[in-house]
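A short write-up of the structure that comes next.
The numbers here are math on the coordinates, done by the rules we state, and not lab data. Computed from a prediction, not measured in an experiment: that's the story for all the values here. Quick reminder, even Gly has a Cβ in these numbers, built from the backbone with ideal geometry, and neighbours come from all protein chains shown.
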């Protein structure tokens, strides 16, 4: 089974990368984009035996730094 | 009495030799060199250093993988027993990722890698690592990092300042760090993390000597204790 963990910066945490992307979008001549926040998505292929609690543990102890990041876990239906 | 220290090398560390050289020149005794995959530290250590570099290629987050490597369990246990631990640059990132220091080090606000000498102010000149400086002394130490932008929530920052745990502050704009924090101590005062590289300025041939007092403070404090 495929599991996706979406990692994003917490609100209020400055995102210089997002700001640079925003600037580059404006460089494309496209207007109307209010804000850009960059994050990452980590995709895991897991056995059905892997529990939600274990996914939470992976996400909170390793995949994110909870001082600055939030995460959302999504089990992808095959 | 000899000074027993250890320098930990992770895959991708690149300041470990400079760190070992600084410790040997200041203390007179060569440090143990410890590999990240080792399960245990040498017995009776007086000092542990986590060097700069790009451990694990900065994969996931700077310092994230190294903080979970086998030797770090032993480093965390030693730190909790009171053994002095210094983390410089990537070593600082590892210490925050390992939970030994609060906060996190994020991408520099200016996005670019910053590699130059910077002016620092010594904020706490009474710690094990900084007793050889005077309070408010201005020193020049080089930085070389991409992720040095110190972040912590306002409550944590207030606590760090209130408890005298800000060891060094930038005296100029460098990377967007909250309250210009360049180095922080843990609550017990035996763990210091800092982005600037004191091991790169310990003798005149390196172009400066302002980092030497940090190592001298630790060696003197421990040998006297």
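Numbers for the structure displayed
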{"quantity": "Whole-number D in µm²/s for segment B:87-225 (Stokes-Einstein; Kirkwood sum over Cα pairs; 37 °C, 0.692 mPa s)", "calculated": "222 µm²/s"}
{"quantity": "Rh by Kirkwood over Cα pairs, then Stokes-Einstein D for the protein assembly as shown at 0.692 mPa s and 37 °C, µm²/s", "calculated": "162 µm²/s"}
{"quantity": "Percentage, to the nearest whole number, of Cα pairs in chain A over 13 Å apart", "calculated": "70 percent"}
{"quantity": "Label-point gap, in nm, between residue A:70 and residue B:113 - each point 7 angstrom along Cα→Cβ", "calculated": "3.3 nm"}
{"quantity": "Pair residue B:80, residue B:188: separation of 7 Å Cα→Cβ label points (nm)", "calculated": "1.0 nm"}
{"quantity": "Two-site label geometry, residue A:52 and residue B:163: point separation in nm, points 7 Å out along Cα→Cβ", "calculated": "3.6 nm"}
{"quantity": "Between segment A:51-70 and segment B:54-91, the alpha-carbon center distance in angstrom", "calculated": "19 Å"}
{"quantity": "Per-residue [θ]222 nm for chain B (sum of -39500 (n - 2.57) over DSSP H runs n ≥ 4, rounded to 500)", "calculated": "-7000 deg cm²/dmol"}
{"quantity": "Over segment B:1-153: Kirkwood hydrodynamic radius from C-alpha pairwise inverse distances, Å", "calculated": "16.1 Å"}
{"quantity": "Ranking of B:15, B:115, B:89 by count of other Cβ atoms within 10 Å, fewest first", "calculated": "B:115, B:15, B:89"}
{"quantity": "Whole-angstrom gap from segment B:8-33 to segment B:153-222, using each part's C-alpha centre", "calculated": "18 Å"}
{"quantity": "Förster radius 41 Å - calculated FRET efficiency between residue B:172 and residue B:59, Cβ distance, rounded to 0.05", "calculated": "0.85"}
{"quantity": "Size descriptor, Kirkwood hydrodynamic radius, that averages inverse alpha-carbon separations across segment B:1-72, Å", "calculated": "12.5 Å"}
